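S.K.: First the structure, then my questions, so here it is.
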Amino acid sequence: MKDPLLPTPRRLGAGPGRGPRARLDPVHRAVTAAREVTDHPVLAAAARVGLVAYGVVHLLIGWLTWQVSRGADGTDADQTGALETVAGTPGGAVLLWAIGLGLLSLALWQGGEVLLWWHGLLDAEHRTRTAVVCAKCLAKAAVYAVLGVTALLFAVGVEYEADERLRELTGDTLEVPGGAVAVAVAATGIVAVGAYTLWRGVTGGFMRDIDLPAAPDRWEPLIEAVGRIGYAAKGVAFGVVGVLLWRAATTADVSTATGLDGAMTAIGRTGAGPVLLTVVAMGFAAFGVYALARARYPDRDPSS
C-alpha cells in the first residue's frame, strides 16, 4: 500500500550516469541485491511460518492469562511463559527451533522493507516522514528478532525469565548516575508504544498489514474486529508495563519493574481483576487470530 505522504519508490540505480546519482550507483546496486534476498520466495515462506508462530505465541499468552484470571499459581502470562508451554509439549524443542527460525526470517523479511523506502532519506521534502516509516519498520523487525532469539534460547535449554532480567537491568541502571532518568525515559517510551498500539486498534491502521485484495471480502469484518480487540488489549498491557517501570524509576523499588507477566499480576490485583484479566486474555487471543490471518494474507507495508 502506498502512503501518499511518502515519495514514490523508484527503481534503484535509475537516473543520469554522472554526478551524485552516479556516485550512488554502487549503493543502489547493493541495495537492489539485498532487496532481492529479502523478497526471495523462500524467505517469504519462512516469514509466513514466523507470522504463524507469532500468532500461536499470542494465543498461548491469552490462554495463560485466562489461567491467571482463574487463580492459577506459578503461571507466567507472557512470551517466556508461552515458550515454556511449547517446550513442555511432545517435540517441543523442534517446535521452538521452528518458531525461532521463523521469527528471525520474519524479522529479516519485515526489515527488508526499509530497502524499498530508504532513498526517501535523500529527499529533504520527505526525509522526516520516511525516517519515521523506516523506524517503525525496523521496530517491528526488532520485536520479531528478540522473540525469535528467545525461542532459540529455550530450544537449546537456556533458562530465561523476562521479568527477572528486566528487574536486574533496571536495578543496574538505577545504580549509575542519571539511571533513574534513563529508566523513566524508557518507561515513557513503553507507555507511548502502548498508546500507539491502542491507537492503531481504535483507528484500524493495522489493516494495512493485511493484503486485503487477496482476502475474501466476507473475512474482512472478522479480521478487523479481532485486530481491533487484540491491539487494544496489547496497548493496555504495554501501558501497565510502562506505569510499573515508571514507579520503579521514581521509588527506586525494582520489584515493580516487571514485564508483561507483572502487568497481568497488577491488573489481577485490582477490584475487578479476574474480569479484567479475562477481557485481556480474550484480547491477546484475538490478536493471535489476527496474526494468523496476516500469515495467510501478509503485507509488510511500513507506512501503516
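S.K.: Output the peptides 165-178, 198-211 sorted from most to least packed, where packing is the average of other Cβ atoms within 10 Å over each peptide's residues.
M.R.: Ranked from most to least packed, the peptides come out as 198-211, 165-178.
S.K.: Sort region 20-296 into rounded, prolate or oblate with this rule: let a ≥ b ≥ c be the square roots of the eigenvalues of the Cα gyration tensor; rounded if a/c is under 1.5, and if a/c is not under 1.5, prolate when a/b is larger than b/c, oblate otherwise.
M.R.: Prolate.
S.K.: Moving on to the next point. Does region 133-181 classify as rounded, prolate or oblate by the C-alpha gyration tensor (a ≥ b ≥ c root eigenvalues; a/c under 1.5 gives rounded; else a/b over b/c gives prolate, otherwise oblate)?
M.R.: Oblate, since a/c reaches 1.5 and b/c is not below a/b.
S.K.: How large is ³J(HN,Hα) for each residue in region 231-247, as worked out from phi by the Karplus curve 6.51 cos²θ - 1.76 cosθ + 1.60 (θ = phi - 60°), to whole Hz, x for Gly and Pro?
M.R.: 5, 5, 5, 5, x, 5, 4, 4, x, 5, 4, x, 5, 5, 5, 4, 4
S.K.: Whole-Hz Karplus ³J(HN,Hα) for region 266-273, in order, using 6.51 cos²θ - 1.76 cosθ + 1.60 and θ = phi - 60°, x for Gly and Pro?
M.R.: Karplus-based 3J(HN,Hα) across region 266-273 equals 4, 5, x, 7, 6, x, 9, x Hz.
S.K.: Order the peptides 62-71, 182-191 from the highest to the lowest mean number of other Cβ atoms within 10 Å of their residues.
M.R.: Highest-to-lowest ranking by the protection proxy: 62-71, 182-191.
S.K.: Measuring from label point to label point, each 7 Å out along Cα→Cβ, what is the A131 to A44 span in nm?
M.R.: 3.3
S.K.: Note down the relative contact order for region 20-296 as a percent, whole number, built from C-alpha pairs under 8 angstrom at least six residues apart.
M.R.: The value is 27 percent.
S.K.: Take the alpha carbon gyration tensor of region 158-273, find the square roots of its eigenvalues, order them as a ≥ b ≥ c, and report rounded if a/c is under 1.5; if not, report prolate when a/b exceeds b/c, else oblate.
M.R.: Judged from the Cα gyration tensor, region 158-273 comes out prolate (a/c at least 1.5, a/b above b/c).
Values quoted throughout were computed directly from the atomic coordinates according to the rules given, and no laboratory measurement underlies them. Owing to the predicted nature of the structure, the values given are computational and were not obtained by experimental measurement. Using ideal geometry, Cβ is built from the backbone for each residue, glycine included, and neighbour counts are taken over all protein chains shown.
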